Amino acid sequence: MTSAREEMLARVRRGLAGRDEAAARSDVDARLERQHVGPIPAIGTVEGEAAIEQFITRARAAAATVERLAGPGDVPAAVADYLAGRNLAARARISADLAGLGWERTGLDIVGGKADPADTVSVVSAEAAIAETGTLLLISGAEHSTAANFLPETHLVVVPASRVVGSYELAWKQARARHGLPRTLNFITGPSRTGDIEQRIQLGAHGPRNLHIMVVGDL
Amino acid sequence: MRPTSHAFNRNAHAALADERLQEALNGTPQGMQSRRASAVAQLPEFEALREHGREIKNHVIAHLDLYLLKFEEAVTRQGGHMHWARDAAEARRIVLDICRKAGARHVTKGKSMVTEEIGLTPFLEANGIEAVETDLGEYIIQLRGETPSHIVAPAFHLKKPQIADAFREKHKHLDPERPLTEDRQLLDEARGVLRDKFIKADVGITGANFCVAETGSTLIVTNEGNGDLTQVLPRIHIAVTGMEKLVPTMEDAFTLLRLLARSATGQEFSCYTTVSTGPRRPGDIDGPEEFHVVLLDNGRSALVGSEMQEVLRCIRCGACMNHCPVYGAVGGHAYGWVYPGPIGAALNPGLIGLAEGHALAGASTFCGRCEEVCPMKIPLPGIMRHWREKAWQQQLAPPTQRWGLGLWAWFARRPALYRLASGLGARLLSGLGGRKGRLRWLPMAGGWTSERDFPAPPAGGSFMQQWQAREKRAAPKADGGKV
Ligand code: SF4
């Protein structure tokens, strides 16, 4: 009995009969090798300060809130202010790379590790921000809980200003160079939403209802 | 899911008579159309992206066997498992075996048309495994025991009171007096109920919008975040997808993603685009311990190399149905199988067989709007025509149509007789049309004339006869005018 694999491949090959096999193989190898970048829209080619400004505008258009901070040391106070301003519990799950920012002064209850269904707030760092559509790129790993991007109602994300790039392609290329291939890449544009009740958009479906982004200078 | 596509005409009549459905359909396409139009207008490069997207998929289909092998190799290299499924039954069995081996009792599901296609959720339930749809729209229709009526908005056909009724009936543990009139109340209730399901799940099943051959990744696009909770919390993640979803590289996926959300919902980018590669890495805080990909054929391979192969470029954005006058009038369920609208008419005959699906190829006014808006430039009306031809060759068309066309063909091969007969016919109809020049009823087209009048041909015979008469009148003048 032929296996499903053999049979499916054979059926496909029947449809492609007459192809120059050697050329087909080298085409495929070349394509995978080259990682050809397609047309990048003008909105994906911005750089530097222009990229940061466009990122902020577009993230806001996607219903995120954004603030700029001078340096990483300002993050704990900004988080405390954000939570107090919205009457949210002073407790947050944070990603490990943010643990040393000086949270003691804020009086916030900070926990690390894997996100828990009881979490209401998470504060995590992003790998990159993409100006093209106001999109964040977050990755999984030893320091980053993917569940922390989805379980809490309020999702706070820190991204260094130097990591704001124009396009998805550039964010992917740089992340790949730094980390290889993480298990999960999350491209996130605004808080979660649904249009499934009579086509009206409501924020806060299964994921976060609030997405707050802090673009942090490299002081 | 058992198709009822052969009964499209009957289904469509029922849909037109269904007042609730008509109310739900009313006005929604305009909103979807204008959202898409403004997203497209804001991206001057949209056309260039369409061209490039088409090239990517054409290249993949022309090398599909090679890309399948590359993808398999990469999935395995990343520590995942690849499964091949010839048909729906085989795919269901593979998923069930993975669940059984893991001792799974609770499964959550992300939104996936391929799992609808293979009827996965009811199958798992019948085998004693709780399987819950977690996309809000999918969840609502699962509670109601229905199938999706739209590939992007599955509960498109429902109004709020119907959703509230379903919640009251199935969420018995909640206070029966609770108010469920606001959108937010419904959403919060679903969010709460489904949270527990996410946490309890042993296995999470998603689809894949794209499979990346180079990296062995699957990629999903959602707005709710349910697909992500489905794949990150349980111990096992299974991605079930069609074999045509391959793209060579992530770079290629980005081109298609730029087209997808704009065409589907008019968003520039969906909220969540998630790339999953293998199981969690050593040292990772979370993520599944096992990663499986189930790759489904179910008729797709037979389309490769056929006149219909371009349909394999489809990225399931739903734009074609949002712009289709037939879909807009009858909704999704009338199509009688998972994929409704123009894409269903072009794809389903290949997946469920021509005998069952050929009636859908006629579910078109051939206005061409679907092809115009399709981000992958799939010639949908042309493909429907191919299916019609095939149905004709296989004698699947209804007898009146076969008989009528057969008669026409007989005359058409005998030009002198044809002219005589059509001339007589034209004079007869013109006479019947009377002074108003309109016919209230036409022989053999009573269905058509029951809704509208047919303009009677003008007096003076058939087109050919009038043309000849005109030529004769014009001839001397034309000669005389020569210099
Ligand atoms: S056929 Fe084209 S328009 Fe229709 S769902 Fe597929 S990609 Fe979208």
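The values are calculated or read from the model by the stated rules, or taken from the named source; none is laboratory data. What you are looking at is a predicted structure, and each value in this text was computed from that prediction instead of being measured. Glycine gets a Cβ as well: all are built from the backbone with ideal geometry, and neighbour counts include every protein chain shown.
So that you can scan it fast, the table gives a plain yes or no per residue for (1) of a type in the set (Gly, Ala, Ser); (2) facing another protein chain (nearest Cβ under 7 Å):
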| residue | (1), (2) |
| --- | --- |
| A:ALA4 | yes, yes |
| A:GLU7 | no, yes |
| A:ALA10 | yes, no |
| A:ALA17 | yes, no |
| A:GLU21 | no, no |
| A:ARG25 | no, yes |
| A:LEU32 | no, yes |
| A:VAL37 | no, yes |
| A:ILE40 | no, no |
| task | Would you check if A:GLY113 is of a type outside the set (Phe, Trp, Tyr), under 15 Å from the mean Cα position of the chain (by Cα) and assigned to a loop (DSSP other than H, G, I, E, B)? | result | no
| field | Test: A:THR133 is of a type outside the set (D, E, K, R), closer than 22 Å to B:GLY278 by Cα, touching a Gly at 6+ places or on another chain (Cβ under 9 Å) and in contact (Cβ under 8 Å) with a residue 40 or more places away in the chain | value | no
| message | Can you find a residue that is aromatic (Phe, Trp, Tyr) and assigned to a helix (DSSP H, G or I) anywhere in segment B:63-80? | response | yes
| message | Could you go through segment B:241-248 and let me know if any residue there is assigned by TED's automatic domain parsing to the domain that holds B:ASP188, closer than 20 Å to B:GLU133 by Cβ and either more than 16 Å from the ligand (Cβ to nearest atom) or not basic (Lys, Arg) (or both). | response | yes
| message | Take the residues in segment A:129-155 that are in a strand (DSSP E or B) and crowded, with 24+ Cβ neighbours inside 10 Å; name whichever of them is farthest from the chain's Cα centre (by Cα). | response | A:HIS155
| said: I'd like to know if segment A:178-194 contains one or more residues that are part of a helix (DSSP H, G or I) and on the phi < 0 side of the Ramachandran plot. | reply: yes
| message | Given the options B:THR277, B:THR273, name the one that is buried (at least 21 other Cβ atoms within 10 Å of the Cβ), among the hydroxyl-bearing types (Ser, Thr, Tyr) and over 28 Å from B:LYS377 (Cα atoms). | response | B:THR277
| Counted residues, segment B:119-140 - those being surrounded by fewer than 24 Cβ atoms within 10 Å (Cβ to Cβ), not in a strand (DSSP E or B) and not charged (D, E, K, R) | 10
| task | Might you let me know whether segment B:281-303 holds any residue that is within 30 Å of B:SER34 (Cβ to Cβ), within 16 Å of the ligand (Cβ to nearest atom), within 14 Å of chain A (Cβ to nearest Cβ) and at pLDDT 90 or above? | result | no
| request: Working only within segment B:304-314, note down all residues that are more than 14 Å from chain A (Cβ to nearest Cβ) and assigned to a loop (DSSP other than H, G, I, E, B). | output: B:CYS314
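Results for (1) modelled with pLDDT under 95; (2) more than 10 Å from chain B (Cβ to nearest Cβ); (3) over 22 Å from B:ASP196 (Cα atoms), shown as yes or no for each residue.
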{"site": "A:SER122", "(1), (2), (3)": "no, yes, no"}
{"site": "A:SER125", "(1), (2), (3)": "no, yes, yes"}
{"site": "A:ALA161", "(1), (2), (3)": "no, yes, yes"}
{"site": "A:ASN186", "(1), (2), (3)": "no, no, yes"}
{"site": "A:ILE213", "(1), (2), (3)": "no, yes, yes"}
| request: Output the qualifying pairs, or none if there are none: Cβ atoms under 6 angstrom, residues six or more apart or on different chains, first residue in segment A:36-51 and of a type in the set (Gly, Ala, Ser), second residue assigned to a loop (DSSP other than H, G, I, E, B). | output: A:GLY44/A:GLU132; A:GLY44/A:GLY166; A:GLY44/A:SER167; A:ALA51/A:ALA131; A:ALA51/A:GLY166
| request: Would you mind finding the one in A:GLY112, A:GLY71, A:GLY48 that is small (Gly, Ala, Ser) and in contact with a Leu (Cβ under 6 Å, 6 or more places away or on another chain)? | output: A:GLY71
| message | Just checking, does segment B:235-255 include any residue being surrounded by fewer than 24 Cβ atoms within 10 Å (Cβ to Cβ), more than 9 Å from chain A (Cβ to nearest Cβ) and either closer than 15 Å to A:THR184 by Cα or in contact with a His (Cβ under 6 Å, 6 or more places away or on another chain) (or both)? | response | yes
| note | Listed by first then second residue, the pairs whose first member lies in segment B:65-85 and is at positive phi, whose partner is part of a strand (DSSP E or B), with beta carbons under 8 Å and at least 6 positions apart or on separate chains, are B:GLY79/B:PHE291
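Results for (1) under 30 Å from B:LEU246 (Cβ atoms); (2) surrounded by 17 or more Cβ atoms within 10 Å (Cβ to Cβ), shown as yes or no for each residue.
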position	(1), (2)
A:ALA23	yes, no
A:ALA30	yes, no
A:GLU33	yes, no
A:HIS36	yes, no
A:GLU47	no, no
A:PHE55	no, yes
A:LEU69	no, yes
| query | Is it the case that segment B:365-373 has a residue that's in contact (Cβ under 8 Å) with a residue 12 or more places away in the chain and under 18 Å from B:ALA15 (Cα atoms)? | reply | yes
| said: Looking at segment A:195-204 only, could you name the residues that are surrounded by fewer than 24 Cβ atoms within 10 Å (Cβ to Cβ), facing chain B (nearest Cβ under 7 Å) and assigned to a loop (DSSP other than H, G, I, E, B)? | reply: A:GLY195, A:ILE197, A:GLU198, A:GLN199, A:ARG200
| said: Go through (1) crowded, with 23+ Cβ neighbours inside 10 Å; (2) away from the ligand (no atom under 16 Å from the Cβ); (3) not in a helix (DSSP H, G or I) for B:CYS317 and report which single condition fails. | reply: (2)
| Just one of the numbered conditions (1) within 14 Å of another protein chain (Cβ to nearest Cβ); (2) under 18 Å from B:GLU117 (Cβ atoms) is not true of B:GLU356; which one? | (1)
| task | Only residues in segment A:106-124 that are farther than 21 Å from A:ALA84 by Cα count as the first member; pair them with residues that are assigned to a loop (DSSP other than H, G, I, E, B) and of a type in the set (Ser, Thr, Tyr), Cβ under 9 angstrom, at least 6 apart or cross-chain, and list the lot. | result | A:GLY113/A:SER145; A:LYS114/A:SER145; A:ALA115/A:SER145
| request: Go through (1) crowded, with 24+ Cβ neighbours inside 10 Å; (2) closer than 30 Å to A:SER3 by Cβ one by one and return the number of the condition B:ALA302 breaks. | output: (1)
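For (1) in the same structural domain as B:HIS237 (by TED's automatic domain parsing); (2) touching a helix residue (DSSP H, G or I) at 6+ places or on another chain (Cβ under 6 Å); (3) surrounded by fewer than 24 Cβ atoms within 10 Å (Cβ to Cβ); (4) basic (Lys, Arg), each residue gets a yes or a no:
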| site | (1), (2), (3), (4) |
| --- | --- |
| B:LEU187 | yes, no, yes, no |
| B:LEU194 | yes, no, yes, no |
| B:ALA201 | yes, no, no, no |
| B:ALA208 | yes, yes, no, no |
| request: Check every one of the strands (runs of 3 or more DSSP E) wholly within segment B:172-244 and list those with 3 or more residues that are over 21 Å from the mean Cα position of the chain (by Cα), of a type outside the set (Val, Ile, Thr) and at positive phi. | output: none
| said: Looking at segment B:88-98, can you tell me whether even one residue there is in a helix (DSSP H, G or I), farther than 20 Å from B:TRP337 by Cα and among the basic types (Lys, Arg)? | reply: yes
| Hits in segment B:64-98 - residues which are in contact with a Leu (Cβ under 9 Å, 6 or more places away or on another chain), more than 18 Å from B:LEU351 (Cβ to Cβ) and within 10 Å of chain A (Cβ to nearest Cβ) | B:ASP65, B:TYR67, B:LEU68, B:LEU69, B:LYS70, B:GLU72, B:GLN78, B:MET82, B:HIS83
